[in-house]
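**Student:** Have a look at this one before I ask anything.
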Amino acid sequence: MSDLEVKNNALNEDGTPKTAKQLEKEAKKAAKLAKFNEKQAKVAATADSKQPEKSKENQKKPPKKEEKPVVTYDLATPAGEKKDVSVELPGQYSPQYVEAAWYPWWKKQGFFKPEYGRDLSKPNPAGQFVMVIPPPNVTGSLHLGHALTNSVEDAITRWHRMKGRTTLWVPGCDHAGIATQVVVEKKLKREENKSRHDLGREEFVKRVWQWKEDFIVPLVEKRELTGRTELSVPGHPDKVVFGVLVQFAYPVKDSAERLVVATTRIETMLGDTAVAVHPDDKRYQHLLGSSVVHPITGAVLPIIADAFVDMEFGTGAVKITPAHDPNDYDVGKRHDLPFVNILTDEGRIVEGFGEFSGQHRFECRVKLTKKLEELGFYVDTKDNPMVVPICSRSKDIIEPLLKPQWYVKCDAMAEDAIAVVASGELEIIPKVHEKTWNHWMSGIRDWCISRQLWWGHRIPAYYVTWPQAEQAGVDEAARWVCGRSEAEARKKAATKFGVAESEISLVQDPDVLDTWYSSALFPFSVMGWPEKTRDMELFYPGTLLETGHDILFFWVARMVFFGRKLLGKLPFKQVYLHAMVRDAHGRKMSKSLGNVIDPMDVIKGITLEELHLQLEENSNLDPKEVEKAKMGQKSDYPKGIPECGTDALRFALCAYTSQGRDINLDVLRVNGYRNFCNKLWNATKFAMMNLATPFTPFSSLKELHAMGSLRIVDRWMLSQLAVAVRDCNAGFQDYNFQAATSALYSLWWYNICDSYLECIKPRLYGQPCADRDAAQQVLWTCLHTGLRLISPFMPFLSEELFQRLPVPPGAVQPESICVAPYPDTEDYLMFIDEEAEEQFKLGQKVINEVRSAKAKYDIPNKSKIELSLMSDNSSTQMVLESLSRDIATLAIASSVTVTTEQPSGSVPTPVGGDCVAWLKLQGLVDLSKCEERLQKKLAECLNKSGALTADMAKDSYAKVPDDVKEKNSDRLKELKAEEEQTRDAIQQLAAMKKE
């Protein structure tokens with residue numbers, strides 16, 4: 001099987017059988033991959049045939065590094081049954097092995113249910129935590145933004161559950177009205193050559209319900225243009241010019257003057273109903289109250305004064321088209337102007353405009369410009385940087401049109417929303433977003449909730465007619481009623497108009513509600529509202545809403561509106577807003593850049609060729625954009641993306657999350673956290689080999705604290721553990737996930753793995769005794785506590801290892817780490833030991849200085865040396881004596897002697913103010929050769945620093961970028977320090993030779 005083939009498996013990873021749709025999709029992917037392979041092979045063969053024949057010597061390739069086989073969990077475990085943890089752990093960490101089987105078991109055991117382990121009819125003294133997921137679009141393909149949201153939310157929920165709270169995290173997805181309807185309509189046209197109208201509303205909605213698997217891109221793409229640009233537009237044979245400003249003149253009525261205006265859409269001048277100038281613009285004061293004559297229609301248009309006009313832009317005179325521009329709409333409302341629609345729904349000029357009627361809007365654009373030239377009213381066309389809104393579904397240019405719509409009045413709800421934040425009843429985290437909140441709420445407009453679609457929640461509004469309706473003289477706008485059903489609406493209409501129900505005819509509005517309207521109901525509709533359900537009683541209002549800051553207004557505010565308006569309660573007490581995910585270069589995620597990554601590709605790994613194939617399957621991209629995206633992928637992922645696993649991705653995303661900043665995520669750095677998983681795996685695997693029977697862990701932390709045989713390194717390790725417990729709890733409490741993950745990384749990598757485990761190896765390998773037992777008890781406590789600490793971020797790895805730890809006698813082991821108690825800060829305060837931390841810090845300083853000295857004298861780090869630690873301070877001597885075995889282990893010394901006298905045949909290395917470490921070099925190294933190497937090293941150092949100094953002294957150096965200057969200055973400092981250290985080493989060797 002080639003590297004790119006897709007192996008179809010009839011079962012999902014959780015052991016459940018795949019659906020026919022899943023198998024069909026996988027088969028299609030396999031076929032496409034095979035076709036792609038064939039194409040690539042042909043390209044390679046063609047390239048080879050064009051190459052000149054190479055010599056046999058040149059044809060030799062370096063031996064390929066043998067890849068380790070991927071370890072998988074292959075034991076027969078029915079879906080939902082517990083994984084077999086009696087078998088030995090594999091030799092290497094494998095995400096596929098670790099992540100297998102756990103989730104179906106967690107789900108079947110009910111660990112995620114709020115009622116697990118408790119009676120919901122009784123209050124929980126620990127409290128409760130309720131949160132709803134920001135519902136992703138049903139059409140949406142997964143991206144790293146989803147992964148960030150769910151990693152953070154799942155970690156928060158797991159922490160609260162482990163803290164003993166009644167916990168409910170409600171999932172769901174958004175029906176994505178526009179996106180879904182477009183996808184299904186395209187599918188219908190492609191496969192059956194039918195429109196939704198051919199099917200009818202009822203049948204079409206059925207088809208949408210059947211549709212499950214596809215993906216879509218964002219609704220609107222904004223194309224930024226720097227100037228004149230020709231774009232292809234669907235349905236129009238010629239390319240259309242954008243990025244220009246067309247100037248033309250309006251003749252002032254009864255005057256020889258002309259008023260020059262400018263527009264990016266010249267065709268909209270057909271719908272102009274006024275020309276506006278700023279009231280303070282002295283150039284046009286004399287024209288206020290006058291009119292201009294429309295050069296095409298002959299209509300007389302007023303010249304009005306409005307402060308929205310920018311006097312500095314263009315000529316300072318602005319054409320007003322209220323029916324085709326949002327700003328002009330407001331001007332039209334303020335000045336009571338006519339609203340003239342010039343376009344049909346198909347984008348053609350409506351009747352009543354002579355030769356232009358029936359023309360495509362962009363055809364009209366060209367012909368109207370020529371007409372104005374002929375009439376002498378055309379002035380000029382200039383480049384104009386602008387943003388063109390493009391529908392990503394159809395690739396057509398979006399055009400504002402007037403349509404009758406339903407609105408929700410928001411001013412009173414917005415005032416209330418400002419008040420609840422100001423009073424602290426609703427807390428927005430980070431606090432910096434309160435300013436955005438108040439900005440959106442102040443001067444809020446009514447909310448348009450109509451969408452001209454069939455898929456979605458149909459607006460429950462009915463147009464009423466009856467035989468005598470015309471004679472009754474009821475205004476059109478007043479002939480609407482709302483109702484939960486047609487029967488209720490009919491009853492309302494009969495009462496409102498004083499007509500018998502039997503005479504009433506109703507026609508329901510065909511529009512559906514805005515998706516955000518439905519989403520605004522989410523926090524309580526999922527609990528069974530409008531019914532008074534037990535879920536509503538128990539779980540509303542919620543505790544927290546966690547989401548991206550980009551939908552603070554669109555979703556968060558609307559939920560607050562509806563919660564307060566319909567139920568009189570806020571839907572949640574806190575809002576935590578995470579940052580947006582950008583790529584490693586700080587760029588927004590965009591398919592055209594090739595930097596939109598499916599989190600499953602990070603979890604499972606993907607080749608560069610497969611990434612390219614995904615782009616080719618995305619028909620929404622222009623072929624040129626596909627090639628551009630491929631180049632981006634090749635630059636960022638030349639070898640594809642390695643398999644990182646779920647835990648590494650979750651931990652990386654939470655580690656990157658900092659309040660108030662966007663996240664520049666280097667996907668390849670996630671692999672660094674996979675290495676962290678591997679470190680944790682190997683350390684725990686080694687530790688458990690030394691915690692086998694007859695070892696039995698203590699039942700309580702107090703027993704451990706009372707041990708009299710704890711050494712400095714044991715007390716230091718327990719103090720570090722207590723600090724990590726404190727920092728992790730504080731991190732979750734404050735939504736500072738970066739602090740929590742940093743504490744965990746330091747605890748596991750630096751404290752447990754690099755320091756403590758290495759220090760206690762000699763004790764673990766020794767005979768059973770109190771000293772060995774102390775090391776084992778501390779080690780078990782670190783593992784048991786550390787795994788529970790990291791579990792919210794790394795649920796799979798922590799479960800796999802936690803299940804294998806020895807259990808204290810008589811203790812009730814939690815079924816899963818999911819429901820094990822999270823380490824409590826108060827319980828570990830007894831281990832905070834500042835004295836032990838200071839003492840071990842001295843030992844660490846000795847170790848670091850010795851390692852540096854080895855490097856200075858060109859001694860391999862693994863070479864054992866005789867080490868003498870000289871000090872006149874009695875307390876320092878006592879600490880060094882206590883730490884001598886630990887220093888010997890970590891500094892790789894054959895012996896460590898604490899002394900007050902200078903040893904012979906040794907070189908000194910200062911350690912603080914009252915300690916000197918002496919390394920014995922006689923008999924270990926050839927002093928002459930060592931000096932020769934150091935002299936060579938000094939010469940190289942001097943050459944480099946001299947060359948850099950000369951470059952920095954040149955006149956042209958002033959033109960060098962500041963960041964390069966800064967790097968050069970730092971490098972020069974490093975070279976000077978290296979030079980000084982090397983000179984000192986040469987002097988010490990010379991002194992030793994004289995002994």
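The values are calculated or read from the model by the stated rules, or taken from the named source; none is laboratory data. Computed from a prediction, not measured in an experiment: that's the story for all the values here. Glycine gets a Cβ as well: all are built from the backbone with ideal geometry, and neighbour counts include every protein chain shown. Calculation scope for accessible area: heavy atoms of the full protein, side chains included, ligands and nucleic acids excluded. Shrake-Rupley method; radii C 1.70, N 1.55, O 1.52, S 1.80 Å.
**Student:** Assigning unit charges at the beta carbon (Lys, Arg +1; Asp, Glu -1) and nothing else, what dipole magnitude in debye, to the nearest 20, does the chain show about its Cα centre? Don't skip to the answer; put the middle values down first.
**Tutor:** Numbers: 129 positive and 138 negative charges, 379 e Å.
So the dipole magnitude of the chain works out to roughly 1820 debye.
**Student:** Still on this structure: Around Leu259, which amide H atoms from residues at least 5 apart in sequence, or from another chain, sit under 5 Å from its own amide H, with H modelled in the peptide plane?
**Tutor:** Amide H neighbours of Leu259, under 5 Å, 5+ apart: Tyr250, Val252.
**Student:** Principal axis extents for the range 417-526, Cα atoms only, whole Å, descending order, please.
**Tutor:** Sorted largest first, the three principal extents are 59, 28, 24 Å.
**Student:** Here is a follow-up. Rounding to the nearest 10 and keeping the result within 0 to 90°, find how far the Cα-based axis of helix 201-210 lies from the longest principal axis of the chain.
**Tutor:** Around 10 degrees separate the two axes.
**Student:** Across the range 736-745, in residue order, what do the Karplus-derived ³J(HN,Hα) couplings come to in whole Hz, using 6.51 cos²θ - 1.76 cosθ + 1.60 with θ = phi - 60° and x for Gly and Pro?
**Tutor:** 9, 6, 5, 5, 5, 5, 5, 4, 5, 4
**Student:** Heads up, I need the accessible area for His146: 1.4 angstrom probe, whole protein in place, Å², nearest 10.
**Tutor:** For His146, solvent-accessible area is about 40 Å².
**Student:** Then there is this: Which residues' amide hydrogens lie under 5 Å from the amide hydrogen of Leu426, considering only partners 5 or more residues apart or on another chain, with H built in the peptide plane?
**Tutor:** Under 5 Å from the amide H of Leu426 lie the amide H atoms of Val421, each far enough along the sequence or on another chain.
**Student:** Tell me the mean residue ellipticity at 222 nm calculated for the chain from its helices only (DSSP H runs of n ≥ 4, each -39500 (n - 2.57), averaged over every residue, nearest 500).
**Tutor:** Values: 34 runs with 419 residues, N = 995.
Roughly -13000 deg cm²/dmol at 222 nm, from the helical runs in the chain.
**Student:** Just by accessible area at a 1.4 angstrom probe, what is the order of Tyr576, Tyr407, Tyr378, Tyr284 from largest to smallest? Intermediate values should be presented prior to the final figure.
**Tutor:** On the way: Tyr576 0, Tyr407 125, Tyr378 65, Tyr284 30 Å².
Largest accessible area first, the list is Tyr407, Tyr378, Tyr284, Tyr576.
**Student:** Would you please give the residues with an amide H less than 5 Å from that of Val379, counting only those at least 5 places away or on a separate chain, with H modeled from the backbone geometry?
**Tutor:** Long-range HN contacts for Val379: Gln247, Phe248, Ala249.
**Student:** How large is the convex hull of the C-alpha atoms of the range 757-874 per residue, in Å³?
**Tutor:** On the way: hull volume 23.4 nm³, N = 118.
Normalising the Cα hull of the range 757-874 by residue number yields 198 Å³.
**Student:** Apply the Karplus curve 6.51 cos²θ - 1.76 cosθ + 1.60, θ = phi - 60°, to the phi angles in the range 864-881 and return the couplings in whole Hz, x for Gly and Pro.
**Tutor:** 7, 10, 8, 10, 10, 10, 9, 7, 9, 8, 5, 5, 5, 4, 4, 5, 5, 4
**Student:** What is the angle, in °, between the Cα long axis of helix 20-50 and the longest principal axis of the Cα atoms in the chain? Nearest 10 is fine, range 0 to 90.
**Tutor:** Roughly 80 degrees, rounded to the nearest 10.
**Student:** What net charge do the residues around Val277 carry, taking every other residue with its C-beta under 15 Å from that of Val277, with Lys and Arg at +1 and Asp and Glu at -1? Each step should come with its number before you reach the end.
**Tutor:** Values: positive: Arg258, Lys282, Arg283, Lys319, Arg334; negative: Glu257, Asp272, Asp280, Asp281, Asp306, Asp310, Glu312, Asp328.
Every neighbour counted, the sum reads -3.
**Student:** Take the alpha-carbon centre of the range 307-381, take the same for the range 687-707, and report the distance between them in whole Å.
**Tutor:** Spelled out, the Cα-based centre of one part sits 82 Å from the other.
**Student:** Roughly speaking, what % of Cα-Cα pairs in the range 390-429 are separated by over 10 Å, rounded to a whole number? Write out the running numbers ahead of the final one.
**Tutor:** Details: 613 of 780 pairs.
Here the long-distance tail beyond 10 Å is 79 percent of all Cα pairs in the range 390-429.
**Student:** If you take every DSSP beta bridge fully contained in the range 519-652, what fraction is antiparallel? Give it as a percent rounded to 5.
**Tutor:** Working: 2 of 8 bridges.
Of all bridge pairs located within the range 519-652, approximately 25 percent are antiparallel.
**Student:** With just the Cα atoms defining each centre, how far is the range 528-570 from the range 426-461? Give it in Å.
**Tutor:** 13 Å
**Student:** While we're looking at this one, here's another question. From the Cα gyration tensor of the range 861-926, with a ≥ b ≥ c the square roots of its eigenvalues, which class applies: rounded if a/c is under 1.5, or else prolate if a/b is larger than b/c, or else oblate?
**Tutor:** Working: a/c = 2.19, a/b = 1.37, b/c = 1.59.
Oblate.
**Student:** Another question about this same structure. What net charge do the residues around Tyr745 carry, taking every other residue with its C-beta under 15 Å from that of Tyr745, with Lys and Arg at +1 and Asp and Glu at -1?
**Tutor:** For residues surrounding Tyr745, the net value is +1.
**Student:** Would you work out which of Gly913, Ala888, Trp716 lies farthest towards the positive end of the dipole of the chain? Charges go on Cβ: Lys and Arg +1, Asp and Glu -1.
**Tutor:** Ala888
**Student:** With a 1.4 Å probe and all protein chains left in place, how much of the accessible area of the chain comes from carbon and sulfur atoms, in whole percent?
**Tutor:** Details: 26230 of 50850 Å².
The value for the chain is 52 percent carbon and sulfur by accessible area.
**Student:** Here is a further query. With Cβ to Cβ distances under 12 Å as the rule, what net charge do the other residues near Thr900 carry (K, R +1; D, E -1)? Spell out each step's value before the answer.
**Tutor:** On the way: positive: none; negative: Asp872, Glu901, Asp914.
Residues near Thr900 contribute -3 overall.
**Student:** Cβ neighbours within 10 Å, averaged per peptide: list 512-520, 239-247, 313-321, 421-429 in order, most packed at the top.
**Tutor:** Highest mean packing first, the order is 512-520, 313-321, 239-247, 421-429.
**Student:** Nearest 10 degrees is fine. How inclined is helix 144-162 to the longest principal axis of the chain, computing both from alpha carbons?
**Tutor:** So the helix axis and the longest Cα principal axis differ by about 60 degrees.
**Student:** Next question. Output the peptides 150-162, 828-840 sorted from most to least packed, where packing is the average of other Cβ atoms within 10 Å over each peptide's residues. Display every interim value, and only then the final one.
**Tutor:** Values: 150-162: 22.5, 828-840: 17.1.
By packing density, highest mean first, the sequence is 150-162, 828-840.
**Student:** Right, here's the next one. I'm a student and want to see the number: the projected area of the Cα convex hull of the chain, averaged over all directions, in nm².
**Tutor:** On the way: hull surface 235.1 nm².
With every direction weighted equally, the projected area is 58.8 nm².
**Student:** Using bins 5 angstrom wide from zero, how does P(r) for the range 255-340 break down, in % of all Cα pairs?
**Tutor:** Spelled out bin by bin, the range 255-340 gives 3, 15, 28, 29, 19, 6, 0 percent.
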